[in-house]
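Engineer: Questions regarding the structure given below will be posed in turn.
Every number here is computed from the coordinates shown, using simple stated rules; none is lab data. A quick note: this is a predicted structure, and the numbers were derived from the prediction, not measured. We place every Cβ from the backbone using ideal geometry, glycine too, and count neighbours over all the protein chains shown.
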Amino acid sequence: MDVIKVYAVYFSPTGATEKATIAAAKGTGLPGAKIDLTTWKSRAHYARSFSQNEIVVVGMPVYGGRLPPRIDNFFTCLQGNGTPAIALVMYGNRDYEDALIELKNRLEERSFKVIAGAAFVGQHTFSANIAGGRPDAQDLLLAKEFGRKARENLDKAYAGNLVVKGNYPYLKPPFDPANIKDVYTGWAQVGTPADCSFCGICAENCPWDAITVDDKVVTNYSRCMRCFRCLKVCPSGDKKVIDPNFPVFVERFEKRLAGRRCEPEMFFGE
């Protein structure tokens, strides 16, 4: 199969998914381009149709074992035409459960042919003590090797079938920040720094369109997924979680997940 270009397409609030997706795309050895669809604004008016002689590497983070909700406009931005696709999910050292099979299904709904899939590990949003610094150099080398093998196996995979880990129907609903039964809903509210200039950078960069800025910063916590991208992009560097229950939750979470190293898992069509 003659392919001429690769696209790394990703939704990456904290940058971990972006790194692995780009590494996998580079591993194909093809000339390529990046398509960052992380912010709500970036997805609002974007549309791209891909041909059969292109490969699309699509990277998404995992939230509670599923893809993040409320990003249907990520997928409606993309249209395949029997286009080979590589599905990649990034999880925080716990488990990716049904996220990879969900990404495969969503891409197939948009007329992509998924030829390979993988789950990589990234530093958890809540704590640098959970998979800190990942994806690391070893992970990124594996991501490049994954991309190389996927392209090498392209003809066989395109004619065959890809089986990945996961359950369909999915075993549980996606994390819903508006659902009070979810364990940390309401615990991870972010305070406005005392020296806030109301520049609006947090609102512009919010993946969920959950922040508005006027003469104050207002976050809609029924939409906010606690990705903490707003903390990372704040120019003052003083934006932080203010809920007193949150550190207690993080400490328990660290005890469960810190100190172990989950490794990437890869699947190829045959």
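Engineer: Relative contact order (percent) for the chain, with alpha-carbon contacts under 8 angstrom and 6 or more residues of separation? Can you show the working numbers first?
Structural biologist: Working: 574 pairs, mean separation 57.8, N = 270.
Reported as a whole number, the value is 21 percent.
Engineer: Next question. How large is ³J(HN,Hα), in whole Hz, for each residue of the range 244-253 in order, when computed from phi with the Karplus curve 6.51 cos²θ - 1.76 cosθ + 1.60 and θ = phi - 60°, using x for Gly and Pro?
Structural biologist: For the range 244-253, the Karplus curve yields x, 6, 5, x, 5, 4, 4, 4, 5, 5 Hz.
Engineer: Restricting to the range 46-195, compute how many DSSP beta bridges are antiparallel as a %, nearest 5.
Structural biologist: Details: 1 of 18 bridges.
Here the antiparallel bridges make up roughly 5 percent for the range 46-195.
Engineer: Can you run phi through the Karplus equation (6.51, -1.76, 1.60; θ = phi - 60°) for the range 198-210 and list ³J(HN,Hα) in whole Hz, with x for Gly and Pro?
Structural biologist: 6, 6, x, 4, 5, 5, 5, 9, 5, x, 10, 6, 9
Engineer: Would you work out the charge dipole size for the range 5-171 about its Cα centre, treating the Cβ of every Lys and Arg as +1 and the Cβ of every Asp and Glu as -1, and quote it to the nearest 20 debye? If you can, show how the numbers build up before the last one.
Structural biologist: On the way: 21 positive and 15 negative charges, 60 e Å.
Roughly 300 debye, rounded to the nearest 20.
Engineer: Using a 10 angstrom Cβ neighbour count of at most 14 plus a DSSP loop assignment to flag exposed trypsin sites (Lys or Arg not before Pro), which longest range of the chain is free of such sites? It would help to have the intermediate numbers written out before the result.
Structural biologist: Details: sites that count: LYS181, LYS216, ARG260, ARG261.
Counting only loop sites that pass the neighbour cut-off, the longest clear stretch is 1-180.
Engineer: Could you tell me which chymotrypsin sites (Phe, Trp or Tyr not before Pro) in the range 12-110 are loop residues by DSSP with no more than 16 other beta carbons within 10 angstrom of their beta carbon?
Structural biologist: Details: sites: TRP40, TYR46, PHE50, TYR63, PHE74, PHE75, TYR91, TYR96; in loops: TYR46, PHE50, TYR96.
The qualifying sites are TYR46.
Engineer: For the range 190-251, with only Lys/Arg (+1) and Asp/Glu (-1) charged at the beta-carbon, what is the dipole magnitude about the Cα centre, in debye rounded to 20?
Structural biologist: Numbers: 7 positive and 8 negative charges, 39 e Å.
Here the range 190-251 has a charge dipole of around 180 debye.
Engineer: Can you give the local net charge around GLN138? Use residues other than it whose beta-carbon is closer than 12 angstrom to its beta-carbon, Lys and Arg +1, Asp and Glu -1.
Structural biologist: Numbers: positive: ARG134, LYS144, ARG261; negative: ASP136, ASP139, GLU145, GLU263.
Residues near GLN138 contribute -1 overall.
Engineer: So, one more: With r as the distance between the Cβ atoms of GLN189 and ASP95 and R0 = 35 Å, compute the FRET efficiency 1/(1 + (r/R0)^6) and round to 0.05. Could you put the intermediate results ahead of the total?
Structural biologist: Numbers: r = 26 Å, r/R0 = 0.75.
Using R0 = 35 Å, I get an efficiency of 0.85.
Engineer: Less than 19 Å from a label point 7 Å out along the Cα-to-Cβ axis of GLU270: which backbone N atoms in the range 110-152 qualify, by residue?
Structural biologist: 114-119, 146-152
Engineer: Name the residue, out of MET90, MET225, MET60, whose mean-square fluctuation peaks in a Gaussian network model built on the chain with Cα pairs under 10 Å.
Structural biologist: Highest fluctuation of the listed residues: MET225.
Engineer: A further question follows. At R0 = 30 Å, how high is the FRET efficiency between ASN129 and ASP155 if r is their beta carbon distance? Nearest 0.05 is fine.
Structural biologist: Numbers: r = 44 Å, r/R0 = 1.46.
The value I calculate is 0.10.
Engineer: Follow-up question, since we're still on this one. Pick out which of ILE55, ILE211, ILE86 has the largest mean-square fluctuation in a Gaussian network model of the chain, springs linking Cα atoms closer than 10 Å.
Structural biologist: Maximum fluctuation in the GNM of the chain, among the listed residues, is at ILE211.
Engineer: For a Förster distance of 25 Å, can you work out the FRET efficiency between the beta-carbons of GLN79 and VAL163, rounded to the nearest 0.05? Don't skip to the answer; put the middle values down first.
Structural biologist: Working: r = 25 Å, r/R0 = 0.99.
The pair GLN79/VAL163 has a calculated efficiency of 0.50.
Engineer: At 222 nm, what value in deg cm²/dmol follows for the chain if DSSP H runs of at least 4 each add -39500 (n - 2.57) and the sum is divided by all its residues, to the nearest 500?
Structural biologist: Numbers: 9 runs with 78 residues, N = 270.
Here the helix-only value at 222 nm equals -8000 deg cm²/dmol.
Engineer: Residues in the range 60-98 near a label at SER49, defined as backbone nitrogen under 16 Å from the 7 Å Cα→Cβ point?
Structural biologist: Backbone N within reach: 76-84.
Engineer: Once you've got the GNM for the chain with C-alpha springs shorter than 10 Å, pick whichever of ASP238, ASP209, ASP98 has the biggest mean-square fluctuation.
Structural biologist: Fluctuation is largest for ASP238.
Engineer: Assuming 0.36 nm per residue, please report the length gained on full extension of the stretch MET1 to LEU30 beyond their Cα-Cα distance.
Structural biologist: Values: separation 29, 0.36 × 29 = 10.44 nm, distance 1.34 nm.
This chain segment gains 9.1 nm when fully extended.
Engineer: Now for a separate question. Cα-based Rg of the range 27-94 per 2.2 N^0.38 Å, rounded to two decimals?
Structural biologist: Details: Rg = 13.1 Å, N = 68, 2.2 N^0.38 = 10.9 Å.
Rounded to two decimals, the normalised Rg is 1.20.
Engineer: Describe numerically, in nm with one decimal, the distance between label points set 7 Å from Cα along Cα→Cβ at LEU171 and at LYS240.
Structural biologist: 3.7
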